[in-house]
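Values quoted throughout were computed directly from the atomic coordinates according to the rules given, and no laboratory measurement underlies them. These numbers come from a predicted model, not from an experiment. Every residue, glycine among them, receives a Cβ derived from its backbone with ideal geometry; neighbour counts consider all protein chains shown.
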Amino acid sequence: MASSKRDRLVDVFKRYDRTGAGMMAKADFVDLLRLLKIDEKDIQRALKWPDVETGAGDVNWSSFVTHAVKRPRTVMILFGPPGAGKGTLSPHLVEALKVPQLSTGDMLRAAVAAGSPVGLQAKNVMEKGGLVSDDLVVGIIKERVASEDCACGFILDGFPRTVAQAKMLDGMLAESGDKVTQVVSLEVPESLLEERICGRWIHKASGRSYHIKGAPPKSLKPGMEPSPANMLDDQTGEPLMQRADDTKEALKSRLEGYHRETMPRRGQAK
């Protein structure tokens, strides 16, 4: 952004800075942004930016100015075929970027449970046995990324899957002045994907994931054949389960769909 915007913001904050150290009380900071006609949601987002709000309840307005002038919202798309390791990598990306990882499945279930307008539309479609349209999915994403925890950005896992979805996502992001800033594509030889997928067991309630070779639960002793009786969650002791699509046959179909629909979008993103 132009330096003139920075100069104007600095000039305004200096007038209200009683310490002369780039700090001010949170209440004064919020009042000032309201005087500047800043939307309440944007104020809350600003308070979530790194180094803006201190532990003492003060605000570093100098950091706010830096973010407001220079910092675009991080919007990362995570690509990868089934079993590539997106679930393993995601927590590390979340920790490094300080932004949430969002999957369309989780967002859809949350919107339906919350009874939001978009969630109710999706629920109505699903109850009739229909497929949730791309329009509704994008609407759910738009609703979710307006939350405070997405103030600095977010990671999209599992969307977009097609070129058409990508165009809709780009349009939605443009409405708020955002755009995709990073694309991560995980590439794994298909010979390894079957072993990863077919050996995967999950704890349904928490989403914790295990693997009979790479990360077995403590209950699976050497030489045991994996079964619901000996595949137990380390924390709760509850039986683990395999997803219905974690089979050789399902994997083949999923990979065909990935190469047919998602791979073209990945090439476009590059």
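Here are the numbers:
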{"quantity": "The range 116-270 - percent relative contact order, Cα under 8 Å, separation 6 or more", "calculated": "20"}
{"quantity": "Shape call, the range 36-116: gyration tensor on alpha carbons, a/c limit 1.5", "calculated": "prolate"}
{"quantity": "Percent RCO, i.e. relative contact order, over the range 114-181, from Cα pairs under 8 Å lying at least 6 residues apart", "calculated": "22"}
{"quantity": "Under-5 Å amide H pairs with ILE77, H placed in peptide plane, nonlocal only", "calculated": "LEU156, GLN182, VAL183, VAL184"}
{"quantity": "For the range 26-65, projected area of the alpha-carbon convex hull averaged over all directions, nm²", "calculated": "2.5"}
{"quantity": "23 Å tail of the calculated P(r), the range 175-270, as % of Cα pairs", "calculated": "43"}
{"quantity": "Cα-projected label distance for LEU36 with GLU95, points at 7 Å along beta-carbon direction, nm", "calculated": "3.4"}
{"quantity": "Above-threshold pairs, the threshold being 31 Å between Cα atoms, out of LYS221/LYS248; LYS14/LYS48; LYS123/LYS213; LYS123/LYS218; LYS41/LYS167; LYS14/LYS41", "calculated": "LYS123/LYS213; LYS123/LYS218"}
{"quantity": "For the range 71-125, convex hull volume per residue from C-alpha positions, Å³", "calculated": "124"}
{"quantity": "Highest-MSF residue in the chain out of GLY223, GLY257, GLY199 [GNM, Cα springs under 10 Å]", "calculated": "GLY223"}
{"quantity": "Centre separation in Å (Cα based) which lies between the range 76-102 and the range 109-137", "calculated": "25"}
{"quantity": "Evaluated over the range 155-225, the Cα radius of gyration and Dmax, each in Å", "calculated": "18.4, 56"}
{"quantity": "Isotropic mean projected area of the C-alpha convex hull, the range 112-251 (nm²)", "calculated": "11.7"}
{"quantity": "Over the chain, relative contact order from alpha-carbon pairs under 8 Å, at least 6 apart, %", "calculated": "19"}
{"quantity": "Relative counts (whole %) of C-alpha pair distances in the chain, using bins that are 5 Å wide", "calculated": "1, 5, 10, 12, 14, 13, 13, 10, 8, 6, 4, 3, 1, 0, 0"}
{"quantity": "Burial order of peptide ranges 121-133, 206-218, 156-168 (average beta-carbon count within 10 Å, highest first)", "calculated": "156-168, 206-218, 121-133"}
